[in-house]
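Note sheet for the following structure.
The values are calculated or read from the model by the stated rules, or taken from the named source; none is laboratory data. The structure presented is a predicted model; accordingly, all values stated were derived computationally and were not measured. Counting neighbours? That spans all protein chains shown, and the Cβs are built from the backbone with ideal geometry, glycine included.
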Amino acid sequence: MAQLVTLYSAPGCTLCRAVLEDLELLAAEHDLELRQVDVTSDPRLQERYLLAVPVVELAGTLLTAPISLRQLRSALAAATG
């Protein structure tokens, strides 16, 4: 079963694009279901995450910017045990 990974992002966010590219790289290596959520589409998400994007949610853990490929790999390893 695929591991759900959610990327909270915003339009024009270059850090978000870089994290998405890293997640796509990991998805090629692991069974991941990537979901990208535009925080500007929901007032509650915008209030919670707009100043923190990119934010990655993986198995109940939140990673906030800056997020490296190494951090993503570590979080994925912890989530999959």
query = Take the residues of region 34-67 that are of a type in the set (Gly, Ala, Ser) and farther than 23 Å from Ala2 by Cβ: which is surrounded by the fewest Cβ atoms within 10 Å (Cβ to Cβ)?
reply = Ser41
key: Condition met for Leu15 (touching a Pro at 6+ places or on another chain (Cβ under 8 Å) and either at pLDDT below 95 or among the hydrophobic types (A, V, I, L, M, F, W, C) (or both))   = yes
task = Could you check how many residues of region 1-34 are part of a helix (DSSP H, G or I) and under 15 Å from Arg73 (Cα atoms)?
result = 12
ask   = In this structure, is Ala52 assigned to a loop (DSSP other than H, G, I, E, B) and of a type outside the set (D, E, K, R)?
value = yes
query = Pairs under 8 Å by beta carbon, first residue touching a residue at least 12 places away in the same chain (Cβ under 8 Å) in region 36-50, partner of a type in the set (Val, Ile, Thr) and in a strand (DSSP E or B), six or more apart or different chains?
reply = Gln36/Thr6; Val37/Thr6; Leu45/Val37; Tyr49/Val55
note = Picking from Leu34, Leu4, the residue that is on the phi < 0 side of the Ramachandran plot, at pLDDT 95 or above, touching a helix residue (DSSP H, G or I) at 6+ places or on another chain (Cβ under 8 Å) and aliphatic (A, V, I, L, M) would be Leu34
ask   = Of the residues in region 35-49, how many are of a type outside the set (Phe, Trp, Tyr), part of a helix (DSSP H, G or I) and either under 17 Å from the mean Cα position of the chain (by Cα) or closer than 23 Å to Glu24 by Cα (or both)?
value = 6
note = Flagged in region 68-77 as part of a helix (DSSP H, G or I) and either surrounded by 12 or more Cβ atoms within 10 Å (Cβ to Cβ) or of a type in the set (Lys, Arg) (or both), in numbering order, are Leu69, Arg70, Gln71, Leu72, Arg73, Ser74, Ala75, Leu76
